[in-house]
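The values are calculated or read from the model by the stated rules, or taken from the named source; none is laboratory data. Here the structure is a predicted model, which is why all the values come from computation and not from measurement. Here Cβ is always computed from backbone atoms with ideal geometry, including for glycine, and neighbour counts include all displayed protein chains. Each accessible area value is taken on the protein alone, full model and side chains, heavy atoms only, with ligands, DNA and RNA left out. Shrake-Rupley method; radii C 1.70, N 1.55, O 1.52, S 1.80 Å.
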Amino acid sequence: MPYRILVVEDSPQEADRLRACLMRYASDNGLAFNVEVLGSALEFVNSRHRADLVFLDIQLPGINGMEAAEILRTYDEQTPVIFVTNLAQYAIKGYSVDALDFILKPVEYGNFSLRMDRAMRVVRRSEVETIALPTEDGIRVVRLADVVFVDIVKHDLHYHLADGSVLHQRGSISHAAEELESKGFLKIAASCIVNMANVARIRKDSVVTISGDELFFSRSQRKYALETLAGFVGR
């Protein structure tokens, strides 16, 4: 799968220069990049694009890049951000939004390549599965590792997270089970899927999760669920 690279830049010339550097770096290092360019921070904030790495111009019309990064961090603490700017004094302020790096304009490939080496090490370390779930404030990106279990009430899936919060999404439990099965989740009843990595105790008729919830097997799923859990624990 190609890495998703997002460039937020209002200057077409600067965006083209950065895209060219990215494609050259990908070619030099045997990587595949899917590069998308947005022309404003407002578009970036409103769309909540998911990306593996974001290049963010600071001097943007309306909401500037620093303000956009602050908004990003309210719902996504993980995606690496590199600021692209001709104002070096912003470097110190960038630490408040956990910026990975700064690149000064005009972007030159030699310096860019060195900084991308570091950025890609971070991207590879942070390659974890995530899921985008709706909230009252918009889409929230969460790590699948933070999902303890999923159950369904009527037609609403409830994603129970390790921090105690619950996110809701319209859907079917069978579709969710099919989607999550390869990611370490197990369907233990007609209305419940559990993240096996977040099971703290296995009982005869139920499991207890790290959040303290006791989830019961259905009669039809009990034998398969116990065998699957035993295999998972024994790996």
Can you give me the angle between helix 12-28 and the longest principal axis of the chain, using Cα atoms only, in degrees from 0 to 90, rounded to the nearest 10? 60 degrees
Of the accessible area of the range 67-200, computed with a 1.4 Å probe and all protein chains kept, carbon and sulfur make up a percent value of 50 percent
Magnitude of the Cβ-charge dipole of the chain, K/R +1 and D/E -1, about the Cα centre, nearest 20 debye? 920 debye
Over the chain, what relative contact order in percent results from Cα pairs under 8 Å that are six or more residues apart? 11 percent
Over the range 110-184, with neighbouring protein chains present, the accessible area per residue in Å² at probe 1.4 Å is 58 Å²
For the chain, what is one quarter of the convex hull surface built on the Cα atoms, given in nm²? 14.7 nm²
Would you mind working out the magnitude of the charge dipole of the range 128-184 relative to its Cα centre, with +1 at each Lys and Arg C-beta and -1 at each Asp and Glu C-beta, to the nearest 20 Debye? 60 debye
Whole-number accessible area per residue in Å² for the range 189-235, which is evaluated in the context of all protein chains at 1.4 Å: 61 Å²
How far, in degrees from 0 to 90, does helix 222-233 lean away from the longest principal axis of the Cα atoms of the chain, to the nearest 10? 50 degrees
Highest mean first, how do 113-122, 51-60, 165-174, 8-17 rank when packing is the count of other Cβ atoms within 10 Å averaged over residues? 51-60, 8-17, 113-122, 165-174
